[in-house]
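Here the structure is laid out as structure tokens; the discussion comes afterwards.
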Amino acid sequence: MANFGELVLVIGDLHMPQRAADIPAKFKKMLVPNKMQHVLCTGNLTTRESHDMLRNLAPNVHVVRGDFDDQQNLPEQKTVMIGAFKIGLLHGHQVVPWGSLSALAMKARALDCDILISGHTHESAVTRKDGIWYINPGSVTGAYSPTGGGDVPSFILLAVQGEKVVCYCYKYNEAKDSVEVSKTEFSKGE
Amino acid sequence: MSAQEEQIKYLTEATKKVKEHAFYMKRAIDANDLDTTLSLAADMLRELKTSLLTPRNYYELYMSVLDSLRHVEDFFASLNAAGTPVVEIYEKVQHCANVVPRLYLLIAVGGVYIKSGEAPAKDILKDLIEMVKCVQYPTRGLFLRNYLSQTSRDKLPDTGSEYEGVGGNVKDAYEFVLQNFSEMNRLWVRLQHMGGDKSTRKKREKERQDLKILVGTNLVRLSQLQGVDTDCYRDVILPEILKNVVECKDTISQGYLMDCVIQVFPDEFHLATLETFLTTCTKLKEKVNIRTILQSMMNRLSLFGEGEGRIPPDLDAFRLFNDCITKILEERSNLDLAEILRLQTSLMQFALKCYPGRLDYVNYCLGMCASVLSATKSESLDETSVAEVEELLSIPLSSLALQVLDLQQYSELLTYLPYENRRQVATILVRSTLFSGGSLDSVEKLEKLFKAITPLIKDDEKESSGAPEKDEADEAALAEFKEEQTLVARLVHMMKSPDTDVQFKILSMTRKHFGQGGVKRIGHTLPPLVFAGLKLAHKVKKRELDAVKVQNKLKALKEKQEKIEQERKERQAKKAADPEYEPPGPLEDIVMPDESAIPKPPATSCRKVFQFLHEIVTAMAVSYPDLSLKLFLQSAVAADNCKFKAIAYEFMSQAFILYEDELTDSKAQLRALVLMVGTLLSCSNFEKDDYDALITKTTQYAAKLLKKPDQCRMVTLCSHLFFVGSAEDANHYHDPKRVLECLQRALKIADGCMASSAHVHLFVEILNHYLYYFELHNPLIADKYLTGLIALINEHIDSMDHGEQRTEVEGMYRNTLRHIARKKEEEETKEKFKSIVV
């Protein structure tokens, strides 16, 4: 088996059962235990069942609080070291205007991180700005978002090997009932 | 001495004698002395004459005798191999004085005799089966015949066997086994009537259960005959077996043998004889449990149906089973309600497995149960019957899911269940509906579903059960309730009609049902309905826009048509006036699109959908202010997206009212405010006055927060409200002065946080915002402010206590300065940043 380094699942905005009934079956088949070492969740799990599901996937699970999460004990933001990378994690509704990279840049400086992961917009993206990588896994259930995002279920898998990251972005195409993957690679300090 | 101790004594003694005789017998065998061997073997076999042992202990003895008898068999075979004709031994054995030993020895020789081929197998078998008749004591007879059966099993003149031909054919084989079977069954039944009073009846039954396998072995033998085909089974074997079953009039025998038949013969045989078999079932004794017999036959056939085979289309198995059950119900008075329900349940299960398309069969079974239930006079059902009805209603769900609601009898039966059990069935129904993945696309379908799952949707009218009370310490009940409501909530996402008008009707109807659920339920069930409504609003908006586009096109087309018509008239007039007139060219023919092909505007307008959403969220507001506030904000963004400024404003103001009236917790206030700012920034179509009013209020709320650092951060965040979009955007909103005011005010508040030494952290955060607006070209955010703030931070940062807080601030500050340094170097920003002094 090829050595992918540490596998990190980046996932969030499940919004079950408020906005979606379930994660697409095609995704569920991919999200099985004993494959990933870390789960970084941008929040809005909203239910205990969703929490338990994530906890089953990997030994290290980090979850931050989304705007629709009621659990008071979840942190608003946190940082995690994986490989050579310091990764900042937050839901994203706290950073306005929502989805703005310039605004997120302030957060990245505050968290002193190399990669900033945020959700909320329900649109997956991997972007680089001023030496920082911004990763948004979108919504894994394709949950509704009034701003027009959503609809397309997505999540991201990071393969971290020392100073290198390969970023796989998975999107579910409902019409074709298929999963599409795109890949981005980068190194620290690039 | 107890009876048991006596038994042990008898057995030990008998076994000891057997061993003794066997020992000397083996010596005689070694000496090749036939006469002595026979006499000693007879002595040994005489022990089997006993009538003191229970069948179980007799079996022990029988086994040890048989062990030694093998040596005798081998001895006979070796004699024969050395040249002694078997017939000689056969004759010799006949002289044995005692019946039981003689017969055992005859069978032993008989086996060798058949093998030797000296006489036809069928003749020897006939001879033996006739001779064993003289042992009529049940236990002795059964074991003797078992020995016969065992010895002969590889010597039957079955088709393909080496004894076929001169030795006979399969008919001789099965007739031999059938005869043995018939006699053994008779002996077995007789054992029941071996004297004793009622008290020994149970003991006898127990003894018989121990012996049943001896009788059943004959059926196994029959099933192993190669020459018995379907025709033979149908015409001879089964009728003969069943005749014995019916005629013996014995409950244990009938129950056991019917089950044996089902288990030992192949599926094809059963399919060919189902009717005969079932007719026999109706003739069995009252105490025989026919249900288990029918059930195992149905299971057998449905396994066959599910596997490779198929039930032949010309065999109406369902009708046959049903006729049988009907007849049993008519004739038997000893069946209780639960048993009747069980019978129907197994018939229904059979139908589901073997006739997957035949919902009428399922409905029929349910109907039978309904009519039985309606005939019972008692007010409420006993516990067992309730469990049976619950089972009956749960079984079809896994394969039929929502289709059960098309079964008229299903809902009828549900009414017989107590509320609690209906709730259980409802949960399974919802689960299987979700699992089946179909869509709930009509109001009628949903009406039926909601009726069936009423116990999940609202409390029982008679009792106040259902939603657990808050003070109730029963956590398990609460968790179960939550789980159920989550299931109901998930149903909303299956409501998917492609027609927006139908979808609206579906959602409205759902709201009516959910609305009756009480405070605890609506917190779970209404939010998904709100999101479904929001999704719908976007769809309706699109339909409306499309309709307008089409109408505009039509209008243009019509105008064009009129113009051409005008031109035509003019040309005709010209032609009338001047016959020489030549028109400049042919006129275009406008074909108007077919009326039915024109997409209609939705009957339910987008506005109406928002009104519906407003009503739902308003209904939740008092009980769930925090959640409702968020739902109002979501609705506001959606309304703005659909270009409904006034509606968006209304939603925003409702959120603000909730903030003012209901949110008292400072943490909740902070969270709500963050969302309010984000929401306002996501809306781009407000009237300017409306927007001004909203952002002024928001900033006021921010300044009124309890904790100073919260105030500072929120005021900073509010600065964004005054600087929306870039200058090129049509609806940008730039108020540079108010931005600056916000930041300066935030600095002032931060300055006041010195006591908690949070001020440096806040300074750096504010510096970042200055930087943000500086980069966005806010004309009032000048380099001097940045330079000044940096100097201020430099001044304070060193006086900070060492620790986590300081490390954090230093990191953020270092990153900020690094960012400025980078901008000072980049070509595009060099000029702008050069005057900032770091």
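Brief remarks follow.
- Selection within the stretch B:149-175 - free of Cβ contacts under 8 Å to residues at least 24 places away in the same chain and within 24 Å of B:LEU214 (Cβ to Cβ): B:GLN150, B:ASP154, B:GLU175
- In the stretch A:1-18, the residues that are open to solvent by 20 Å² or more (accessible area, probe 1.4 Å) and within 14 Å of another protein chain (Cβ to nearest Cβ): A:MET16, A:GLN18
- Single match in B:SER398, B:SER385 (criterion: crowded, with 17+ Cβ neighbours inside 10 Å and not β-branched (Val, Ile, Thr)): B:SER385
- Checking each residue in the stretch B:273-299 for being surrounded by fewer than 17 Cβ atoms within 10 Å (Cβ to Cβ), part of a helix (DSSP H, G or I) and of a type outside the set (Ser, Thr, Tyr) picks out B:GLU275, B:ASN299.
- Residues satisfying the stated conditions in the stretch B:129-157, i.e. farther than 19 Å from B:SER116 by Cα, charged (D, E, K, R) and buried (at least 21 other Cβ atoms within 10 Å of the Cβ): B:ARG145
- Test: residue in the stretch B:61-72 that is modelled with pLDDT of 95 or more and either in contact with a Gly (Cβ under 6 Å, 6 or more places away or on another chain) or of a type in the set (Phe, Trp, Tyr) (or both): yes
- In the stretch A:19-42, residue surrounded by the fewest Cβ atoms within 10 Å (Cβ to Cβ) [restricted to those that are within 14 Å of another protein chain (Cβ to nearest Cβ) and in a loop (DSSP other than H, G, I, E, B)]: A:ASP22
- Selected residue [touching a helix residue (DSSP H, G or I) at 6+ places or on another chain (Cβ under 7 Å) and either in contact (Cβ under 8 Å) with a residue 40 or more places away in the chain or over 27 Å from B:LEU187 (Cα atoms) (or both)] from B:LEU303, B:LEU284, B:LEU257, B:LEU271: B:LEU257
- Unmet criterion (only one of (1) within 14 Å of chain B (Cβ to nearest Cβ); (2) open to solvent by 70 Å² or more (accessible area, probe 1.4 Å); (3) closer than 24 Å to A:LYS164 by Cα; (4) not charged (D, E, K, R)) for A:GLN72: (3)
- For the stretch A:106-150, a residue qualifies if it is in a loop (DSSP other than H, G, I, E, B), without any contact (Cβ under 8 Å) to a residue 12 or more places away in the chain and open to solvent by 20 Å² or more (accessible area, probe 1.4 Å), and exactly one does: A:GLY148.
- Residue that is farthest from B:THR345 (Cα to Cα) [pool: residues in the stretch B:357-382 that are open to solvent by less than 10 Å² (accessible area, probe 1.4 Å) and over 22 Å from the mean Cα position of the chain (by Cα)]: B:LEU373
- Residue within the stretch A:77-92 that is at the interface with chain B (Cβ under 9 Å from one of its Cβ atoms) and either in contact with a Leu (Cβ under 8 Å, 6 or more places away or on another chain) or open to solvent by less than 10 Å² (accessible area, probe 1.4 Å) (or both) present: no
- Every condition in (1) outside the structural domain of B:ASP459 (by TED's automatic domain parsing); (2) among the hydrophobic types (A, V, I, L, M, F, W, C); (3) part of a helix (DSSP H, G or I) holds for B:MET592 except the one numbered (3).
- Checking each residue in the stretch A:49-61 for being open to solvent by less than 40 Å² (accessible area, probe 1.4 Å) and either in contact with a strand residue (DSSP E or B) (Cβ under 8 Å, 6 or more places away or on another chain) or assigned to a loop (DSSP other than H, G, I, E, B) (or both) picks out A:HIS51, A:LEU54, A:LEU57, A:ALA58, A:VAL61.
- Restricting the stretch B:808-829 to residues that are open to solvent by 90 Å² or more (accessible area, probe 1.4 Å) and over 13 Å from A:MET106 (Cα atoms) leaves a set whose member that is farthest from the other protein chains (Cβ to nearest Cβ) is B:GLU827.
- Wholly enclosed helices (runs of 4 or more DSSP H) of the stretch B:663-753 bearing at least 2 residues within 13 Å of another protein chain (Cβ to nearest Cβ) and touching a Cys at 6+ places or on another chain (Cβ under 8 Å): B:688-703, B:708-718
- Number of residues in the stretch B:624-655 that are over 44 Å from the mean Cα position of the chain (by Cα), in a helix (DSSP H, G or I) and surrounded by fewer than 20 Cβ atoms within 10 Å (Cβ to Cβ): the value is 4.
- Within the stretch B:478-502, the set of residues being away from chain A (no Cβ under 14 Å) and in a helix (DSSP H, G or I) comprises B:THR500, B:ASP501, B:VAL502.
- Any hit, the stretch B:554-575, residues being surrounded by fewer than 14 Cβ atoms within 10 Å (Cβ to Cβ) and within 30 Å of B:LEU670 (Cβ to Cβ): no
- Any hit, the stretch B:768-778, residues being over 58 Å from the mean Cα position of the chain (by Cα), within 14 Å of chain A (Cβ to nearest Cβ) and not in a helix (DSSP H, G or I): yes
- When every residue of the stretch B:533-540 is checked against the conditions, none turns out to be open to solvent by less than 70 Å² (accessible area, probe 1.4 Å) and more than 21 Å from A:ALA20 (Cβ to Cβ).
The values are calculated or read from the model by the stated rules, or taken from the named source; none is laboratory data. All values derive from a computational prediction rather than experimental measurement. Note that each Cβ is placed from the backbone with ideal geometry, even for glycine, and that neighbours are counted across all protein chains shown. Heads up: the accessible areas ignore ligands, DNA and RNA and are worked out on the full protein's heavy atoms, side chains in. Shrake-Rupley method; radii C 1.70, N 1.55, O 1.52, S 1.80 Å.
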